[in-house]
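Worksheet: one structure, shown below.
Every number here is computed from the coordinates shown, using simple stated rules; none is lab data. Since this is a predicted model, take the numbers as computed values, not measurements. Heads up, the Cβs are rebuilt from the backbone with ideal geometry, glycines too, and the neighbour counts pull from every protein chain shown.
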Amino acid sequence: MMLAAVCLSLAFVKREWVLSALCGGLVAIVPQAWFAVKAFAHSGARSAREVANAGYAGEVVKFLLSATGFAAVFILLRPVFPIAVFSAFIAMQAIQITGSWMLLRQPPATRVQTQELD
């Protein structure tokens, strides 16, 4: 939603700025979404090794997807506004980091224990 808001606010400037910002935001979002799907595909104590391996492999592929995304944007998009691309990318990264931090700060769910009625 944040990416859409940024693009809408840039719509009054130039269409090329909007497209550059959209591409920069997608360069951040697409690799992160791929990583999330791969890293959290396994769960449970029995698959701890699979979770760790998926995390490592996911980070490598995430980096390669980001690099490929930037290359594609700067090769294929004409005209491109680098400030819009990098600003949107950094904004999406900041939102992802802040969101993760906020999730980690939440207190663990407390278990409700039921009492048997006599």
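Would you kindly derive the ³J(HN,Hα) couplings of the stretch 98-103 from the backbone phi angles with the Karplus curve 6.51 cos²θ - 1.76 cosθ + 1.60 (θ = phi - 60°), listing them in order in whole Hz, with x for Gly and Pro?
4, x, 5, 4, 5, 5
For the stretch 23-32, in order, what is each residue's ³J(HN,Hα) by Karplus, 6.51 cos²θ - 1.76 cosθ + 1.60 with θ = phi - 60°, in whole Hz (x at glycine and Pro)?
5, x, x, 5, 4, 7, 6, 4, x, 5
Using mean Cβ contacts within 10 Å as the protection proxy, how do 88-97, 56-65 order, highest first? List each step's numbers first, then the result.
Numbers: 88-97: 16.7, 56-65: 14.2.
Put in order of decreasing packing, that is 88-97, 56-65.
Averaging sequence separations of C-alpha pairs under 8 Å and six or more residues apart, then dividing by the length of the stretch 13-100, give the relative contact order as a whole percent.
Numbers: 74 pairs, mean separation 45.4, N = 88.
Value for the stretch 13-100: 52 percent.
Could you work out the local net charge near residue 21, counting Lys and Arg as +1, Asp and Glu as -1, over the other residues with Cβ closer than 13 Å to its Cβ?
Working: positive: 14, 15; negative: 16.
That works out to +1.
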